[in-house]
Amino acid sequence: MVVAGGIMDFLNPDSDTSQAPNSEQKTTTTNPTPEEVLSPEEAIKKKAEENLSYKKRLRDVQITTNDGQYSVKVILNADSNLSANLTKQSVRKDVSSVFYGLFKEDAGVEYAVVTTYYPTVDAYGNKNEAIIYQARLVASEAKKINWSQDKTQVEASILPDLWETELDKLDQL
């Protein structure tokens, strides 16, 4: 150790190794600025988006409030995948990811509806988009989930069995 220090002193003669390291380190804490503090609505929007694998699929988050409880409508865009089956899996995974973000921690969400749009082309070549999947989850069901389980287990197996599918046109892809 002494040799290494001596070598370092030899290589860098301007360094002063005779000083002991500063034992009085100052730590400062900063309070969040008003821009860093999120409103409940902004926090809910962030939770809806944070687990999506492709953030560009999030189209909109609409929040309404009633006596401190929030109703959330999340609108997603689906895109084509290598196969129709992979597209279906991707849509369901996105829906599950949104519900996971909204309900894992109690943010006052009473219920959430996730609607997924998909680009379509009619027989005349006109491009449009249609709703292909819509699911709803209520807080009373979400509160029953053991959220301490593995996230993948919750998203892949538990949530899909709990949400109510209001519209499913995935087999028409």
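Coordinate-derived values only; no laboratory data. Since the structure is predicted, the reported quantities are computational estimates derived from the model, not experimental observations. Don't worry about glycine lacking a Cβ; one is built from the backbone with ideal geometry, like all the others, and counts go over all protein chains shown.
What to note about this one:
- Residues that are aliphatic (A, V, I, L, M), within 27 Å of the chain's Cα centre (by Cα) and within 18 Å of A84 (Cα to Cα), drawn from segment 120-138: A130, I131, I132
- Members of segment 107-141 that are free of Cβ contacts under 8 Å to residues at least 12 places away in the same chain and within 22 Å of I44 (Cβ to Cβ): S140
- Any hit, segment 58-79, residues being at positive phi and either loosely packed, with under 13 Cβ neighbours inside 10 Å or within 21 Å of the chain's Cα centre (by Cα) (or both): yes
- Residue within segment 57-64 that is in a helix (DSSP H, G or I) and closer than 21 Å to L162 by Cβ present: no
- K144 vs. criteria of a type outside the set (S, T, N, Q), touching a strand residue (DSSP E or B) at 6+ places or on another chain (Cβ under 7 Å) and free of Cβ contacts under 8 Å to residues at least 24 places away in the same chain: no
Yes/no matrix, rows are residues, columns are (1) loosely packed, with under 11 Cβ neighbours inside 10 Å; (2) closer than 30 Å to N66 by Cβ; (3) aromatic (F, W, Y); (4) touching a Phe, Trp or Tyr at 6+ places or on another chain (Cβ under 7 Å):
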| residue | (1), (2), (3), (4) |
| --- | --- |
| T87 | no, no, no, no |
| S96 | no, yes, no, no |
| E110 | no, yes, no, yes |
| A142 | no, yes, no, yes |
| S157 | no, no, no, no |
| E164 | no, yes, no, no |
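- Single condition T165 does not satisfy, out of (1) farther than 23 Å from K46 by Cβ; (2) within 18 Å of the chain's Cα centre (by Cα); (3) touching a residue at least 12 places away in the same chain (Cβ under 8 Å): (2)
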